[in-house]
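First the structure, in the form of structure tokens, and then the observations on it.
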Amino acid sequence: MLTALGGCESGSRSQTADQVLGSGSKVLRILSGSENSELEPILEQFANENDMRIEMTYQGSLDIMRQLEQDKLPYDAVWPASSLWLNVGDSSLNLKHAESISITPVIFGIRQSLAEQLGFVGREVSVGDLLEPIRSGQLRFCMTSATQSNSGASAYIGFLYALLGNPESITLEDLQTDALRTQMTELLAGVERSSGSSDWLKDMFLEGDFDAMVNYECLVIQANQALEAEGRETLYAVYPTDGLTIADSPLAYVDQGDGQKEELFLSLQEYLLSDAVQSQIQRTGRRSSYTGVNPENRDVFREDWGLQPDRVLSPIHMPAADVLFEALDLYQTQFKKPSLNVYCLDYSGSMSGDGNRQLEAAMEQLLIQSYAAENFLQASENEVNIIIPFNDETLGVYAAEGNGPALEDLYTTIEALGPGGGTDMYQAAVQGIDALKQYDLSAYTPAIILLTDGQSGGSFSQLADAYASLGSQVPIFSIMFGDADESQLEDLAEFSNARVFDGREDLVGAFRSVKGYN
């Protein structure tokens, strides 16, 4: 089951943290990238030994950067996937003691037989080499959104450097060339499914039937371990020679004048950087240096999987902040495969009042492009957005293509709707499936996004029959609000290899998150 409602299995949950490790009285609150969830057993051991709690809150790299731009931060430390996100934001916070905890490159993991068929096994592979089978349709891959997750952003930056001929640094002028636009659009047309989280991308890949994914080396290793245990074909690791980017996992202290908290942070950092714990971290597939792995951990980096434990990793020069933000804007609005979003929105009577106001505010953040741009969620000129309001029946189908005035007209339609009646989300989803049939889904990254605040009537089997007739696995993401039946939404997520988002405390934030997955 793939859901955003729970953390990992150990520990308990606080009101704000995704995962609480340990049960002591001293507390260290860490804002972290999702990939660090794999290190929870190591962190929990430290917490238990030191009579403390480590509260982990997981967000995407762009969200972490946005948090660092605030005047105050309700965390004691930040742990993004890359130092890039500590450096490019306009932060007035006093960040101290930043140290890299581990290193992992962003690579392609390609189904072994396909990698052999493409001639990628046992040789160096460039981004140009990858582009050829993508153009011909032989290679399709899953990748996180470059505007929401570090692995996607890092891969995209690596692609930019390679397609521009590996300049010493990328300039704003470089980004405007027609050749780059053509090649990057062709390359990103190969994206079969997207995600806002690197860790969830791995889980989605394991639950589905895909040929390849772009992700951290450590997560490709973990995927292979799971695939091999299930008797399934493993992935072959491909390191793009001219576009290899590296996540250096910096852990930094947010100094807010608490000396005891700083000592606690430094003791945790010292523990994580100790030789014994660094060896444990290597067992999860992460590296401790740019020059190789410890002899006792070489068995994790299996060369029959294409992994290169002796490879010397050379980090590329990351672009300046203004260039990075322009590149991300171009990714979202021009380069990436356009999204095809079907929003099924609950207008039952229980949404009256505050629920309806929150729904309008959330859709405003997505449809009004000046707001969407603040979170790199703008529509592209070829994007399609479809709104299907429902109660115990569907209340219409409203569509807008592109990123022009039609989107604001769509929002005006939402403002004019009023709640009333019962709830049948299945009928609305069937209507959404019918709407998708009008499009060539291979040209888009399609998704159905369902919001409901109550237990639904209607028939799941009716939806399943309609879904089967679609002939394509389109995710049905759902946002839980009010008194929604969690089990109904989990069933939809499992059925379509999607995810449930919890909008009960922050509906606007939930809508932003789910848009980042498509």
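Assorted remarks:
- Distance from the alpha carbon centroid of region 49-69 to that of region 295-339 works out to 22 angstrom.
- Fraction of accessible area attributable to carbon and sulfur, the chain (%, probe 1.4 Å): 43
- Region 388-518: relative contact order as a whole-number percent, Cα under 8 Å and 6+ apart: 20
- Subtracting the Cα-Cα distance of Asp51 and Arg504 from 0.36 nm times their residue separation leaves 159.8 nm of extension gain.
- Of all lysines in the structure, the ones whose alpha carbon falls short of 27 Å from that of Lys437, not counting any fewer than 8 places away in one chain, are Lys336, Lys337, Lys515.
- Potential extension, Asp434-Glu132 segment - 0.36 nm per residue separation minus Cα distance: 105.3 nm
- Spatial separation of Cα centroids for region 342-420 and region 86-142, in angstrom: 34
- The chain pair-distance distribution - Cα-Cα, 20 Å bins, rounded %: 23, 56, 21, 0
- Asp310/Glu415 FRET efficiency (R0 60 Å; Cβ-Cβ; nearest 0.05): 0.50
- Estimated distance in nm for a label pair at Glu296 and Lys26, the labels positioned 7 Å out from Cα along Cα-to-Cβ: 2.7
- Ignoring lysines fewer than eight residues from Lys72 along the same chain, the ones with Cα atoms less than 26 angstrom from its Cα are Lys26, Lys96, Lys261.
- Sparsely packed loop sites in region 481-518 (the trypsin sites (Lys or Arg not before Pro) outside DSSP H, G, I, E and B with at most 12 other Cβ atoms within 10 Å) do not occur.
- Spin-label zone in region 343-372 - amide nitrogen under 11 Å from a point set 7 Å from the Cα of Asp392 along the C-beta vector: 349
- For Gln455 and Arg357, the FRET efficiency from 1/(1 + (r/R0)^6), where r spans their Cβ atoms and R0 equals 25 Å, is about 0.65.
- Taking other residues whose beta carbon is less than 11 angstrom from the beta carbon of Ala447, and scoring Lys, Arg as +1 and Asp, Glu as -1, yields +3.
- Average accessible surface area per residue within the chain, 1.4 Å rolling probe, Å²: 37
- Computed over the chain: relative contact order in percent, which uses C-alpha pairs under 8 Å that are six or more apart: 16
The values are calculated or read from the model by the stated rules, or taken from the named source; none is laboratory data. Keep in mind that this is a model prediction, so the values were computed, not measured. Note that each Cβ is placed from the backbone with ideal geometry, even for glycine, and that neighbours are counted across all protein chains shown. What goes into the accessible areas is simple: the full protein's heavy atoms, side chains included, and nothing from ligands, DNA or RNA. Shrake-Rupley method; radii C 1.70, N 1.55, O 1.52, S 1.80 Å.
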